[in-house]
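Here is the structure we will look at, set down as structure tokens.
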Amino acid sequence: MPTSHSPRNRGTQTRLAYGLFLRESFRKIRVTASVLPSSRFLATAMLDQVEFRKVRNLVELGSGTGVITQEILRRMSPDSRLFALEINRHFVRHLGTCCPDTRLTVLHADASDLLNQLAAHNAGSIDVVISSLGLTGMTPEHRARIVRQAEACLAPAGIMMQFQYVTSLAPVPDLPNRQLRRFQEGEFLKKYFPSVSAKPVLLNLPPALVFTCRK
Ligand SMILES: C[S@@+](CC[C@H](N)C(=O)[O-])C[C@H]1O[C@@H](n2cnc3c(N)ncnc32)[C@H](O)[C@@H]1O
């Protein structure tokens, strides 16, 4: 009989997660920001900058079906905590089944409520924020509110990881102002963090730029 860890069961879980992700992206592509969950290449690039030995309090923004969440949990030390904020209730329910781990607190919340959510859970200061939010599709006010709070919750040596698909670097029509606009995530992040470096991940679909932001 297959156990929950058997390859057959894992294969079924992966197919379910892909199906759910695809369904939700058809419903709300602006919020989901992708039709596929992140690849292991992107998850690795997002997490390789994090010194898991040294961190205790972590935040994930936009956990989706848990691809990056599971990898964070695999790398985290036994005494650390992960607060995962996700706005989509179907993904929140899925995270409850795919990632049973006492170190994980899944919060059904908008990332722009981050500081309130952390205070309600006595989280203290945060060492790492790992965000796969589609900042490009958000209003300027919404993304500013989120990144300001991500910066504010971080400890002095804390870091924030964020990615942007290269496809979203293309100019989009700004209808009210009758012009084309391009959102450069790296430039935007530099308004909040003195140090922002970028690394391309060509093997993800679509390829992405991973930003490491330091206070
Ligand atoms: C590009 S997907 C990434 C999902 C997953 N982390 C992965 O890598 O496959 C972005 C995720 O952010 C969530 N999201 C979008 N806006 C959000 C917000 N304001 N607050 C919290 N989660 C949000 C979406 O529902 C979606 O799950």
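The values are calculated or read from the model by the stated rules, or taken from the named source; none is laboratory data. Everything numeric in this text was worked out from a predicted model, so none of it was measured. Cβ: placed from backbone, ideal geometry, glycine included. Neighbour counts: every protein chain shown. When the accessible area is computed, the model is the full protein with side chains, heavy atoms only, and any ligands, DNA or RNA have been set aside. Shrake-Rupley method; radii C 1.70, N 1.55, O 1.52, S 1.80 Å.
Give the number of residues within segment 52-76 that are more than 7 Å from the ligand (Cβ to nearest atom) and open to solvent by 10 Å² or more (accessible area, probe 1.4 Å).
Number of matching residues: 12.
Within segment 45-69, track down each residue that is outside any loop (DSSP other than H, G, I, E, B) and polar (S, T, N, Q). Show your work before the answer.
Filtering segment 45-69 for residues outside any loop (DSSP other than H, G, I, E, B) gives 45-47, 57-61, 67-69.
Answer for segment 45-69, where residues must be outside any loop (DSSP other than H, G, I, E, B) and polar (S, T, N, Q): N57, T69.
In segment 117-137, what residues are open to solvent by 40 Å² or more (accessible area, probe 1.4 Å), farther than 19 Å from M76 by Cβ and not polar (S, T, N, Q)?
A119, A120, listed by residue number.
Is there any pair with a first residue in segment 144-156 that is among the basic types (K, R) and a second that is assigned to a helix (DSSP H, G or I) whose Cβ atoms are under 7 Å apart and which are 6 or more apart or on different chains, and what are they?
From segment 144-156, the pairs are R145/S112.
How many of the residues making up segment 91-116 are near the ligand (Cβ under 10 Å from one of its atoms), open to solvent by 40 Å² or more (accessible area, probe 1.4 Å) and either polar (S, T, N, Q) or under 28 Å from G19 (Cα atoms) (or both)?
2
Return yes or no: is C153 within 15 Å of the ligand (Cβ to nearest atom), surrounded by 15 or more Cβ atoms within 10 Å (Cβ to Cβ) and modelled with pLDDT under 95? Working first, answer last.
Numbers: within 15 Å of the ligand (Cβ to nearest atom): yes; surrounded by 15 or more Cβ atoms within 10 Å (Cβ to Cβ): yes; modelled with pLDDT under 95: no.
So C153 does not fit the description; no.
Working only within segment 77-90, note down all residues that are out of contact with any His (no Cβ under 9 Å at 6 or more places or on another chain) and crowded, with 21+ Cβ neighbours inside 10 Å.
L82, A84, listed by residue number.
Of everything in segment 27-49 that's open to solvent by 60 Å² or more (accessible area, probe 1.4 Å) and more than 9 Å from the ligand (Cβ to nearest atom), which residue is nearest to A17 (Cα to Cα)?
Looking at residues that are open to solvent by 60 Å² or more (accessible area, probe 1.4 Å) and more than 9 Å from the ligand (Cβ to nearest atom), I get V35.
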